[in-house]
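K.L.:
Here's a structure for you.
The values are calculated or read from the model by the stated rules, or taken from the named source; none is laboratory data. Owing to the predicted nature of the structure, the values given are computational and were not obtained by experimental measurement. No Cβ is skipped: glycine too gets one built from the backbone with ideal geometry, and neighbour counts run over all protein chains shown.
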Amino acid sequence: MSVVRVALTQTPWTGDKESMIVRHEEYARAAAAQGAQVIAFQELFYGPYFGITQDPQYYAYAESVPGPTVDRFAALAKELGIVMVLPVYEEDQPGVLYNTAAVVDADGSYLGRYRKHHIPHLPKFWEKFYFRPGNLGYPVFDTAVGRIGVNICYDRHFPEGWRMLGLAGAEIVFNPNATAPGISNRLWEIEQPAAAIANGYYVAANNRVGSEENEYGDQAVAFYGSSYVVGPDGAFVGELASSTEAGLIVRDVDLGAIRTVRERWQFYRDRRPDAYGAIVAP
């Protein structure tokens with residue numbers, strides 16, 4: 001399969017988990033109706049972005065992986081024949097919680113999960129209160145649409161993870177986010193294209209959109225959407241999504257371009273891992 005149709009969602013918090021799940025089921029059906037073969041949801045898709053505060057009530061959003069939400073979407077993936085990337089709040093055991101993305105193949109089979117490695121702890125991004133750092137490495141999943149990987153939000157600031165996914169053979173890396181305005185706007189424009197160029201693969205990055213005032217009132221942040229897909233040459237595939245409106249974007253990516261770009265820019269050939277020891281020094 002050379003050309004793959006990719007779908008990404010961006011949507012605000014509705015106010016309750018069930019309506020968020022239903023909304024994303026509707027997005028999946030709409031994507032499949034447009035011919036999408038893979039769809040990825042935003043970070044922690046079925047809840048609010050609770051990192052804005054430090055409150056143990058939000059532990060209740062955690063569930064096993066696979067578990068009720070992943071199983072529900074696995075059944076839908078099988079029905080629609082579409083690969084799914086499902087960013088959820090994972091409970092490994094009581095008190096052991098991760099920011100996770102489950103990957104489900106087009107036949108509904110659960111392929112595995114990625115756990116977010118880099119956990120921020122900054123004003124309104126108090127994630128260390130909720131998550132342990134990921135400990136499953138950087139898996140790449142063989143799916144009906146090709147080899148895909150995941151990097152979650154804050155992970156995108158660390159080039160080593162992007163490289164690990166490239167070395168493991170990723171063709172498309174999905175990057176679900178909850179990113180708010182400020183200095184991140186400029187980073188949003190350049191980091192994922194830079195990662196795509198450096199590693200010679202596609203990056204599909206989506207972000208929450210809108211203010212979650214229905215959960216946090218005046219303390220809410222306004223997520224800026226602007227979801228996009230970028231190719232191995234650093235060029236955007238189509239336009240960026242709205243910075244203010246919810247929606248679904250669907251883009252066609254040609255996996256054949258990966259070979260073309262890598263044969264033009266021989267970054268993998270010219271790497272010098274023998275010279276990079278200081279990168280992993282504590």
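K.L.:
Determine the pairs where a residue that is under 11 Å from Ala7 (Cβ atoms), located within the stretch 248-260, has a partner that is assigned to a helix (DSSP H, G or I) with Cβ atoms under 8 Å apart, the partner being 6 or more residues away or on another chain.
P.N.:
Final answer for the pair search is Leu248/Tyr27; Leu248/Ala30; Leu248/Ala31; Val250/Ala31.
K.L.:
If I ask for residues that are farther than 18 Å from Pro120 by Cβ and either surrounded by fewer than 15 Cβ atoms within 10 Å (Cβ to Cβ) or without any contact (Cβ under 8 Å) to a residue 60 or more places away in the chain (or both), which ones from the stretch 49-64 would you list? First the steps, then the outcome.
P.N.:
Narrowing the stretch 49-64 to residues farther than 18 Å from Pro120 by Cβ: 56-57, 59-64.
Listed by number, the residues that qualify are Pro56, Gln57, Ala60, Tyr61, Ala62, Glu63, Ser64.
K.L.:
What are the residues in the stretch 32-66 that are outside any helix (DSSP H, G or I) and more than 19 Å from the chain's Cα centre (by Cα), if any? Give the steps one after another, and end with the answer.
P.N.:
Let us first name the residues in the stretch 32-66 that are outside any helix (DSSP H, G or I), namely 34-49, 53-55, 62-66.
Scanning the stretch 32-66 gives Gln34, Gly35, Thr53, Gln54, Asp55.
K.L.:
Could you run through the stretch 237-266 and say how many residues are of a type in the set (A, V, I, L, M, F, W, C) and either in a loop (DSSP other than H, G, I, E, B) or exposed (fewer than 15 other Cβ atoms within 10 Å of the Cβ) (or both)?
P.N.:
If we filter the stretch 237-266 for residues that are of a type in the set (A, V, I, L, M, F, W, C), which is where we start, we get 237, 240-241, 246, 248-250, 253, 255, 257-258, 261, 265.
From what's left, either in a loop (DSSP other than H, G, I, E, B) or exposed (fewer than 15 other Cβ atoms within 10 Å of the Cβ) (or both): 237, 240-241, 246, 255, 265.
Count: 6.
K.L.:
Using beta carbons and a limit of 9 Å, which pairs, at least six apart or on different chains, have the first residue in the stretch 1-26 and under 16 Å from Val250 (Cα atoms) and the second one surrounded by fewer than 18 Cβ atoms within 10 Å (Cβ to Cβ) and of a type in the set (S, T, N, Q)?
P.N.:
Once the first residue is under 16 Å from Val250 (Cα atoms) and sits in the stretch 1-26, its partners that are surrounded by fewer than 18 Cβ atoms within 10 Å (Cβ to Cβ) and of a type in the set (S, T, N, Q) give Arg5/Gln34; Ala7/Gln34; Gln10/Ser242.
Each row is one residue, and each column tells you yes or no for (1) at pLDDT below 95; (2) over 16 Å from the mean Cα position of the chain (by Cα); (3) over 29 Å from Gly81 (Cβ atoms).
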residue	(1), (2), (3)
Gly149	no, no, no
Glu160	no, yes, yes
Glu171	no, no, no
Ala194	no, yes, yes
Phe223	no, no, yes
